[in-house]
Amino acid sequence: MTLPDHHLTQGERRVRSFHPHWKRLIVPFIALFLIAAASGAALYFIPGDFAYASYARIAVVVIGLVLLTIWSFVPYLQWKNTGYVLTTHRFTISTGVLNKSTDEIPITKVNTVSSDQTLAERLLGCGTLTVESAGDRGEIVLRDIPRIQDVRTDLFRLVEDASDGEADGR
């Protein structure tokens, strides 16, 4: 998830490393609970003297496992394998479970940093971070960023430090 230390350049240090906010796991957790409860109830109510009881139980277990995989396990893996790393030189966004995708925005290329929060997100301490850069992509919108104000402040401070360093000729 995080950027390994051996991938950092000389003089670069990690400022912040994090996953998306845990609120992304609420629906998969509810699905886990409901699927387990429904599967348990279905297994309980299959009559023992039913001619195809063993096949029915196998079908309930297989369907339950498939639904758990799709609605609980995959979203958890996506959350766990999405990572954001903010260093003194770049902002790295990595996603993917089987295939890995990594985007890096050099701090010197960041033009604008803004955040947006709904009332519910303000209560949870997360939000949407929009980073506008001078690169090919232009604007990257990152949803469910935890501690959004702290991340925005750190990113803005790094952008200011980078622009001051360029102006000073460092």
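The values are calculated or read from the model by the stated rules, or taken from the named source; none is laboratory data. Nothing here was measured: the structure is a model prediction, and the numbers come from that model. Methodologically, a virtual Cβ is constructed for each residue, glycine included, from the backbone with ideal geometry; neighbour enumeration extends over all protein chains shown. We work out accessible area using only protein heavy atoms, side chains counted, and drop any ligands, DNA or RNA first. Shrake-Rupley method; radii C 1.70, N 1.55, O 1.52, S 1.80 Å.
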Exercise. Over the stretch 15-101, with every protein chain in place, what whole percent of the accessible area is carbon and sulfur at 1.4 Å, could you tell me?
Key: 74 percent
Quiz item: Which whole-number value in Å² is the accessible area per residue of the stretch 29-112, probe 1.4 Å?
Solution: 63 Å²
Practice problem: Classify the stretch 90-131 as rounded, prolate or oblate, taking a ≥ b ≥ c as the square roots of the eigenvalues of its Cα gyration tensor: rounded when a/c is under 1.5, otherwise prolate if a/b is larger than b/c and oblate if not. | Solution: oblate
Practice problem: Report the calculated FRET efficiency for Ala37 and Asp103 (r = Cβ-Cβ distance, R0 = 41 Å), to the nearest 0.05. | Solution: 0.55
Quiz item: So how exposed is Arg157, as accessible area in Å² (1.4 Å probe, rounded to 10)?
Solution: 120 Å²
Quiz item: Residues with amide H under 5 Å of Arg90's amide H, sequence separation 5 or more or different chain, H placed in the peptide plane at 1.01 Å from N; which?
Solution: Ile107
Exercise. Mind sorting out which of (1) 42, 37, 26; (2) 54, 35, 25; (3) 84, 37, 25 is the real Cα extents along the principal axes in Å computed from the coordinates?
Key: (3)
Quiz item: For Thr95 and Phe50 in one chain, what is 0.36 nm times their gap in residues minus the Cα-Cα distance, to one decimal in nm?
Solution: 11.5 nm
Exercise. Could you pull out every whole DSSP H run in the chain that spans at least 24 Å of Cα extent along its own axis and averages 0.5 or higher on the Kyte-Doolittle scale?
Key: 26-45
Exercise. Treat each spin label as a single point 7 Å out from the Cα along the C-beta direction, and report the Asn111 to Asn81 distance in nm.
Key: 3.4 nm
Practice problem: Give a residue-ordered list of calculated ³J(HN,Hα) values for the stretch 69-86 (Karplus: 6.51 cos²θ - 1.76 cosθ + 1.60, θ = phi - 60°; whole Hz; x for Gly, Pro). | Solution: 4, 6, 9, 10, 5, 4, x, 5, 4, 5, 5, 5, 9, 9, x, 10, 10, 10
Self-check item: 22 Å Cα-Cα reach of Lys23 towards lysines, excluding residues that sit fewer than 8 places from it in its own chain
Solution: Lys80
